[in-house]
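Report on the following structure.
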Amino acid sequence: MAPGVLLGQALLSYWSGPPLFGGLFIGIFNAAKGMLGGYLFHRWGLSSNFGRPRDVMLFTAMVFFILQPI
């Protein structure tokens, strides 16, 4: 999935203004952020149906305090 995120973000960024190198740079960071989120989701043992309040709280904390600042 990361190559698709990289390509899609690079094309979108290039189409909206930045040069190709800038679009690739943005795409690389967004793909890395997605891979980090997937890794943390698996590492922390979160349930994909968010059946426990712990899963919801950890996912929210991951998004707000780790992934968004990146």
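Bear in mind these aren't lab numbers, they're just calculated from the coordinates by the rules spelled out. Just so it is clear, the model here is predicted, and its values are computed rather than measured. Methodologically, a virtual Cβ is constructed for each residue, glycine included, from the backbone with ideal geometry; neighbour enumeration extends over all protein chains shown.
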(request) Filter the stretch 1-46 down to residues that are surrounded by 12 or more Cβ atoms within 10 Å (Cβ to Cβ) and not in a helix (DSSP H, G or I), then give me how many there are. (result) 3
(request) Restricting attention to the stretch 7-27, report how many residues are under 26 Å from Thr60 (Cβ atoms) and among the aliphatic types (A, V, I, L, M). (result) 1
(message) Being loosely packed, with under 11 Cβ neighbours inside 10 Å and not in a helix (DSSP H, G or I): is that true of Pro69 here?
(response) yes
(request) Would you mind telling me which numbered condition in (1) of a type in the set (S, T, N, Q); (2) farther than 20 Å from Pro3 by Cα; (3) surrounded by 10 or more Cβ atoms within 10 Å (Cβ to Cβ) Asn49 fails? (result) (3)
